[in-house]
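See below for the structure under consideration.
The values are calculated or read from the model by the stated rules, or taken from the named source; none is laboratory data. The shown structure was predicted, so the numbers you read here are calculated from the model rather than taken from an experiment. In this analysis, Cβ positions are derived from the backbone assuming ideal geometry, glycine residues included, and neighbour counts consider all displayed protein chains.
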Amino acid sequence: MHPALSVIFFTVASGSGYGLLFLLGLLLTIDPQSISGNEAIAAVALGGALAAAGLLSSMLHLGQPRRAWRAFSQWRSSWLSREGVAAALSFAPMLAVVWLEWRGDDAVLLRACGLLLAAGAALTVVCTAKIYATLKTIPAWHNAYVLPCYLLLGLLGGAAWAWALHAAYAPRVDVLPIAIAGLALASAWFKYAYWRHIDAKPAAATTESATGLGRFGSVRSVEAPHTEQNYLTREMGFALARKHARRLRAIGLMLIGVVPPLLAALACLAPAFGLPCAAAAVMSVAGGLFVERWLFFAEARHVVMLYYAAKTGTTQHA
Amino acid sequence: MTMLPPPSPKKLGLVIDLDICVGCHACAVACKEWNDGGQFGPLPDENAYGREPLGVWFNRVHSYEIEPAETTGPAMTVHFPRSCLHCETPDCVTVCPTGASYKRAEDGIVLVDADKCIGCQLCAWACPYGAREYSQERGTMQKCTLCVDRIYNETLSEYDRQPACVMACPTRARHFGDLGDAESKVSKLVAERGGYDLMPEMGYKPVNKYLPPRPRRDGCATQAAPAREEKVDLSTASPLLRWMDRILSR
């Protein structure tokens, strides 16, 4: 699949933004006193900005962005519509949290809003993952690994930002770096398992079943319907740089699963370097997520390419 | 509304006969001609006469070579027109976030409402048959309408109320009709010739059916045909031919 930069930036930025908002919501639900009002407001601002930047970027992918409001209407059948609704609704508890923290009282309401915020943020990322995981036409996406990968990676991205924010507001050793190390390892493991899975997965269909001509023998394309590229071959037949997939996977795993735990360990050993370590973790995770998301699109093959007699279903490496 | 309507008794669609399709692309060209009429036709081209032309077509005609399994018989060429199958349970409809993509309750035709489409292209991702092509120029998704503006058009003569691709086919490899009616000509054709679905494992239940190539006289597509050796019985040939054979065999 063609890796559109607008969609990659959207899923990375919004995923991390909603990850941060989820963590904040969870913290407010458990103990609203454990975080200062200013830090909570900053976290909402940062999470909201990341989410909004991602959503605006996703509008760039649309052919008719001015009609985007229509996407709120089909939540009964469409995960994309549900994502839009969940993403937009999550802004209500965000504003409520800011208002309550600014007023500085009412712990009960704050807990309730925190819960709503966590639920909205989690639901948005679930919807994002479901958009991809429900597409039967793309075997690399239509599997049980996609949803946990999106949730874990969103949470990791959000946790890295939360660490940086917390290091700036309350520079002391706490539980966040340890949580990040755990999340980073879990995310990398899941992503590795995802890659193992898609490499081993048998093809969803074959040129023989796509044409129904397999009963006569093996089917080979001798002439394509068109001599130039068309929309399908550009969008679904993306093959550029797939040969670098193996190296890019290693880079992604390094930035997601290896660098953040090392930075967390460094921060625990030398608390004075807390903020620089956290900032480096944010950048490492963001870079890793970008590589991971690029591969998520670029490595995925669409069954329609079977009509052009290209192999599908699994990924190939040079 | 992108929820699928309850199954309609009427299922308009095409039956495509792979036995007699000669791969002439007349269906594709006739479709382009009918649907590209004027500025608002659904088949826009970009850079049509330039170095890298790009355009929307609702018919794409592939050509395949089939190597028979475990035989030494000759390969078979099959021309394969690909277009929207107007599936009964298509994901291209249900994934649409705006309600632009819909399946008509009355006859099962799958259409795009160009005024509601936001151009997110998710429907094209959801289609395994490559039936939907996006127009960069318009920013909306384009797809086969089964010539809905012909088949119900009372200003046309009754014979002309068929999709343009069906009208144009010089070998009559394309048939249009109601596949929901077991007594219709197309349904009978499907029953008689063993018409089949493309990629049934996707679960989209295509309405359009394909008729398989008939067994070839040379045995291809039926059973293992032994390789034919050329043997010439010279004893029955004329003396002139025998003499020529002797000369040429030296």
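Here's the yes/no breakdown for (1) surrounded by fewer than 24 Cβ atoms within 10 Å (Cβ to Cβ); (2) within 14 Å of another protein chain (Cβ to nearest Cβ); (3) more than 23 Å from the chain's Cα centre (by Cα):
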| position | (1), (2), (3) |
| --- | --- |
| A:Ala267 | no, no, yes |
| A:Pro271 | yes, no, yes |
| A:Gly274 | no, no, yes |
| A:Ala278 | no, no, no |
| A:Ala281 | no, no, no |
| A:Gly287 | yes, no, no |
| A:Phe297 | yes, yes, no |
| A:Val303 | no, yes, yes |
| A:Tyr308 | yes, yes, yes |
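Can you pull out the helices (runs of 4 or more DSSP H) entirely within the range A:1-95 that have at least 3 residues that are of a type in the set (Ser, Thr, Tyr) and within 18 Å of A:Ala121 (Cβ to Cβ)? Where helices (runs of 4 or more DSSP H) fall fully within the range A:1-95 and carry at least 3 residues being of a type in the set (Ser, Thr, Tyr) and within 18 Å of A:Ala121 (Cβ to Cβ), they are A:5-30. Close contacts from the range A:250-263, counting a first residue that is within 12 Å of A:Tyr192 (Cβ to Cβ) and a second that is assigned to a helix (DSSP H, G or I) and among the acidic types (Asp, Glu), with Cβ to Cβ under 7 Å and a gap of 6+ residues or different chains, come to A:Gly252/A:Glu292; A:Ile256/A:Glu292. Do you know which residues across the range B:163-172 are under 30 Å from A:Arg234 (Cα atoms) and either more than 14 Å from chain A (Cβ to nearest Cβ) or of a type in the set (Val, Ile, Thr) (or both)? Answer for the range B:163-172, where residues must be under 30 Å from A:Arg234 (Cα atoms) and either more than 14 Å from chain A (Cβ to nearest Cβ) or of a type in the set (Val, Ile, Thr) (or both): B:Pro163, B:Ala164, B:Val166, B:Ala168, B:Cys169.
Of B:Asp160, B:Asp181, B:Asp245, B:Asp197, all but one fail to be within 14 Å of another protein chain (Cβ to nearest Cβ) and either under 19 Å from B:Lys10 (Cα atoms) or modelled with pLDDT under 95 (or both); the exception is B:Asp197. For A:Ser209, the test of being part of a helix (DSSP H, G or I) and of a type outside the set (Lys, Arg) is passed. Restricting to the range B:55-70, what's the tally of residues that are more than 7 Å from chain A (Cβ to nearest Cβ) and either without any contact (Cβ under 8 Å) to a residue 40 or more places away in the chain or more than 29 Å from A:Glu223 (Cα to Cα) (or both)? Going through the range B:55-70 one residue at a time, the tally reaches 1. Looking across the range B:1-17 at every residue that is within 12 Å of chain A (Cβ to nearest Cβ) and crowded, with 22+ Cβ neighbours inside 10 Å, the one that is nearest to B:Gly108 (Cα to Cα) is identified as B:Thr2. Scanning the range A:92-111 for residues that are crowded, with 22+ Cβ neighbours inside 10 Å and basic (Lys, Arg) turns up nothing. Among the residues of this structure, B:Gly73 counts as one that is of a type outside the set (Ser, Thr, Tyr), outside any strand (DSSP E or B) and either more than 23 Å from B:Asp197 (Cβ to Cβ) or within 11 Å of chain A (Cβ to nearest Cβ) (or both). Answer yes or no as to whether A:Ala167 is assigned to a helix (DSSP H, G or I) and at pLDDT 95 or above. So A:Ala167 fails the test.
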